[in-house]
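Asker: Here you go, one structure.
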Amino acid sequence: WLKNCSTGVHSSSQTKPVYCPNRPKSPTGEVYRRFDPVIGKSISFRTIDIEQDLGRFHRWMNDPRVSFFWEQAWSLDKLKDYLTQAHTNHNTLPLIGCFDDKPFGYFEVYWAAEDRIAPYYAWESFDRGIHLLVGEDEFRGEHHFISWFKALSHFVYLDEPLTKRIVLEPRVDNKRLFNHIEKVGYQIKYEFDFPHKRSALVMGTKDNFYKDIM
């Protein structure tokens, strides 16, 4: 029931393989839905359908507001290859978020121990991380952010009950995110350097989420 996840080594002096538990297979289709009475809308997440979603994904990625942080203002073909790889990668669950069934953003839920973030913090085997973007202007702003971020965190904890922490690694100049993130129970731990950007380690815990947020 163990598998080698040596990409998760978080110490350069550690030479022996690191093992993680086998994790559940990725779901397909709609994975989460709830009605948010605060904003009066249903929030849902579904796995990405490349043929259905590629056009809007291309539009979102080529939005200057998104491309500034993602740096993936690519062609349709290149983005299709990216989504195909994400869709087949056992480590990543690519999702489309919807308000009242209208797509508004793209999210990747990943196993942190097997991701690029692993060398930069003391991960636990069932930690998960989130990459995120909101592509539709009408769903930007604090009230929508709090709604979908709470819902996405809720999904992650329901999807694997052994997950106790969720991490993010946004660029340190992502001020809009930092203005909202503590309101949904996440804390900025410290800054660190990826090869391509300076990031902040942001973390939320399951105990705090159920005690103070939901």
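The values are calculated or read from the model by the stated rules, or taken from the named source; none is laboratory data. A quick note: this is a predicted structure, and the numbers were derived from the prediction, not measured. Cβ coordinates were reconstructed from backbone atoms using ideal geometry, including for glycine residues, and neighbour counts include every protein chain displayed. Side chains included, ligands, DNA and RNA excluded: accessible areas come from the protein's heavy atoms. Shrake-Rupley method; radii C 1.70, N 1.55, O 1.52, S 1.80 Å.
Asker: Would you check the accessible area of Lys102, probe 1.4 Å, heavy atoms only, in square angstrom rounded to 10?
Answerer: Accessible area of Lys102: about 90 Å².
Asker: How about Lys183: which lysines have a C-alpha closer than 18 Å to its C-alpha, ignoring those fewer than 8 places off in the same chain?
Answerer: Lys150, Lys175, Lys206, Lys211
Asker: How large is the accessible surface of Leu162 in square angstrom, using a 1.4 angstrom probe and rounding to the nearest 10?
Answerer: Counting only protein heavy atoms, the figure is 100 Å².
Asker: Here is a further query. Have a look at Pro195, Trp123, Ala112 and report the one farthest towards the positive end of the charge dipole of the chain, computed about the Cα centre with Cβ charges (Lys/Arg +1, Asp/Glu -1).
Answerer: The one lying farthest along the dipole's positive direction is Trp123.
Asker: Hey, another quick one. Could you identify which residue out of Glu191, Glu71, Glu51 has the top mean-square fluctuation in a GNM of the chain using Cα springs shorter than 10 Å?
Answerer: Greatest mean-square fluctuation among the candidates belongs to Glu51.
Asker: For the chain, calculate the relative contact order in percent as a whole number, restricting contacts to Cα pairs under 8 Å that are 6 or more residues apart.
Answerer: Numbers: 355 pairs, mean separation 36.5, N = 214.
Here the relative contact order equals 17 percent.
Asker: Evaluate 2.2 N^0.38 Å with N set to the residue count of region 97-214, then give the Cα radius of gyration divided by it.
Answerer: Values: Rg = 13.8 Å, N = 118, 2.2 N^0.38 = 13.5 Å.
The reported ratio for this selection is 1.02.
Asker: Could you pull the accessible area for Arg33 with a 1.4 Å probe, rounded to 10 Å²?
Answerer: 100 Å²
Asker: Sticking with this one: Tell me the Kirkwood radius of the chain: reciprocal of the mean inverse pair distance over distinct alpha-carbon atoms, in Å.
Answerer: Working: mean 1/r = 0.0559 Å⁻¹.
Mean inverse Cα-Cα distance, inverted, gives 17.9 Å.
Asker: Taking only protein heavy atoms into account and a 1.4 Å probe, give the accessible area per residue of region 91-214 in Å². Show your work: numbers first, answer last.
Answerer: Details: 4900 Å² over 124 residues.
With the other protein chains kept in place, region 91-214 gives 40 Å² per residue.
Asker: Could you please report the charge total around Glu30, scoring K, R as +1 and D, E as -1 over all other residues with beta-carbon less than 12 angstrom from its beta-carbon?
Answerer: On the way: positive: Arg33, Arg34, Arg46; negative: Asp49, Asp101.
Taking every other residue near Glu30 into account, the sum is +1.
Asker: Quick check: with the 1.4 Å probe, what order do Met61, Met203, Met214 take by accessible area, largest first?
Answerer: On the way: Met61 0, Met203 20, Met214 85 Å².
In descending accessible area the options line up as Met214, Met203, Met61.
Asker: Report, to the nearest whole %, how much of the accessible area of the chain belongs to carbon and sulfur atoms, 1.4 Å probe, protein only. All intermediate terms of the calculation are to be shown ahead of the outcome.
Answerer: Values: 5390 of 10570 Å².
Carbon and sulfur together cover 51 percent of it.
Asker: Given contacts defined as C-alpha pairs under 8 Å and at least six residues apart, what's the relative contact order of region 23-150, whole-number percent? Please report the intermediate quantities before stating the final value.
Answerer: Working: 183 pairs, mean separation 28.7, N = 128.
Relative contact order for region 23-150 comes out at 22 percent.
Asker: Now for a different question. Based solely on its DSSP helices, what 222 nm [θ] is calculated for the chain when runs of n ≥ 4 H residues each add -39,500 (n - 2.57) and the sum is averaged over all residues, nearest 500 deg cm²/dmol?
Answerer: Details: 5 runs with 57 residues, N = 214.
Rounded to the nearest 500, it is -8000 deg cm²/dmol.
Asker: Using θ = phi - 60° and the Karplus relation 6.51 cos²θ - 1.76 cosθ + 1.60, list the HN-Hα couplings for region 72-87 in order, rounded to whole Hz, with x at every Gly or Pro.
Answerer: With the stated coefficients, region 72-87 comes to 9, 7, 9, 6, 4, 5, 5, 5, 5, 4, 4, 5, 4, 5, 5, 5 Hz.
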